[in-house]
Structures are given as C-alpha cells and as structure tokens.
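The values are calculated or read from the model by the stated rules, or taken from the named source; none is laboratory data. Source: prediction; values computed, not measured. Because the Cβ atoms are built from the backbone with ideal geometry, glycine has one as well, and the counts that use them run over all protein chains shown. Heavy atoms of the whole protein, side chains included, go into the accessibility calculation; ligands, DNA and RNA do not. Shrake-Rupley method; radii C 1.70, N 1.55, O 1.52, S 1.80 Å.
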Amino acid sequence: NKKNLSLSAKMGLGFAVPLMMIAAIVTAIFVVADGVRKNATLAKENAVFAETAQQMQLDVVQVQQWLTNVSATHSQDGFDEAEKSYQAFLSGLTKFRAMSEAENDSAALQTVEKLKSAFANYYEAGKTMANAYIEGGSEAGNKLMDEFDKTAARLSDTLEPFVKSQENELADDMVSIVSSKGLLRT
C-alpha cells in the first residue's frame, strides 16, 4: 500500500524504477552492440572468402586465355602463365579447405575436392589441346576443343554455385548488420 510507505521509501522507489529501466536499456544496448560486432567480424571474414572465390573464378578465365593464346600462336610462352593461374586457384582452394576443416563442414570439404578435381581435369584438357595445336596444327587441336569445352562446362557447374554461395553469405551478413544497427538505434 503506497499510503503506508514513508516519504524516503517513496522517493527511493521513485528513483529505483527509472534506474532499473535504464539498467535494462543499457544491458539491451550492450547485447545488440555485441551482436553487431560479431556480425561485422563474420562479414569481414566472409568478405575475404567471397573475394577469394571471385579470384578463383578469374583464375579459371586466365587459364583459358593463356592456353587459348598458346593454341592460337603455337608459342610455349603461355604455359607458364597458365600454370601461375592454376597455382593461384589451388591456393584459394587451400584457404577454403582450411576453413571447412576448422568448421568441421564435410559438405564444404566435398565441394572443395570436387572443385579441385574439376579444375585439374579442365587444366589438363586445356594443356593437351594447346599441345595438340602446337604439334599438329589446327586440325589436331580442333579435335580436342570439344573435350576442353566439356571440362569447362563441368567446372563451371561446380564453381558458379560455389562463388554465388560465398557472395550470398556476405550479403546475408550485411543484412544482419543493418538490421542490428536499426535495432540499436531504436
């Protein structure tokens, strides 16, 4: 009963209720801010992986361009550059393998292995085709072009969704950050 409370008790209660509300608000702010921090950290990591996936996609294109150049010019010079792009792709896969192992993600590890195999087949088919152009001319190289195109399609079927999934993870992180920021502002 409020009438039976002393003046000092009423004053203490008058200050205690707003202080408890302020404490609850401050706690909520810290919780939301910590969520924003965690989402930002995750987004930073996912940005690196999205960029790595995009670079791997570019490495595939560069392998094709260098081997096509070898095929067209009958010059050995492009093989070294194609090898550099091949190694860069494998370096990117190594990063994804390490992340997948750290997260104990067996599905991601299978995708990494599938990409490694598809890219190795693509690279070997491209080198075989380029060598055929050098050694046997257009007639010999053209016979192998279809196989190279098929390996490129198989690689693309695995690589495209992989790159898209990395980009989607980053986009989802950004949406979470913006949503948390709005909640924090509120």
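Computing FRET efficiency as 1/(1 + (r/R0)^6) for Val26 and Lys164, where r is the C-beta to C-beta distance and R0 is 41 Å, gives about 0.50.
Checking [x] 139; [y] 111; [z] 158 against the coordinates, the calculated volume of the Cα convex hull per residue in Å³ falls under label [x]. With all protein chains present, how much of the accessible area of the chain (probe radius 1.4 Å) comes from carbon and sulfur, to the nearest whole percent? The computed percentage sits at 59. Overall, segment 1-105 carries a charge dipole of about 1460 debye about its Cα centre when +1 sits on the Cβ of Lys and Arg and -1 on the Cβ of Asp and Glu, all other atoms neutral.
Across segment 15-26, coupling constants 3J(HN,Hα) worked out from phi with the 6.51/-1.76/1.60 Karplus curve, θ = phi - 60°, read 8, 5, 4, x, 5, 5, 5, 4, 4, 5, 5, 4 Hz, and Gly and Pro carry x.
Please compute the per residue accessible area over the chain with all protein chains in place, 1.4 Å probe, rounded to a whole number of Å².
With all protein chains present, the chain gives 63 Å² per residue.
Calculated [222 nm] ellipticity per residue, helices only, for the chain: -35000 deg cm²/dmol; basis is -39500 (n - 2.57) per DSSP H run with n ≥ 4, divided by all residues, nearest 500. Taking the Cα-to-Cβ direction at Leu109 and at Val61 and moving 7 Å from each Cα, how far apart do the two end points lie in nm? If labels sit at Leu109 and Val61, their model points lie 3.3 nm apart. Considering only alpha-carbon pairs that sit under 8 angstrom and 6 or more positions apart, the relative contact order computed for the chain is 30 percent. Selection among Ile22, Gln76, Gln57 by position relative to the dipole of the chain gives Ile22 as farthest towards the positive end (Cβ unit charges, Cα centre).
Look at the Cα gyration tensor of segment 116-186: its axes a ≥ b ≥ c give a/c of at least 1.5 with a/b over b/c, and that counts as prolate.
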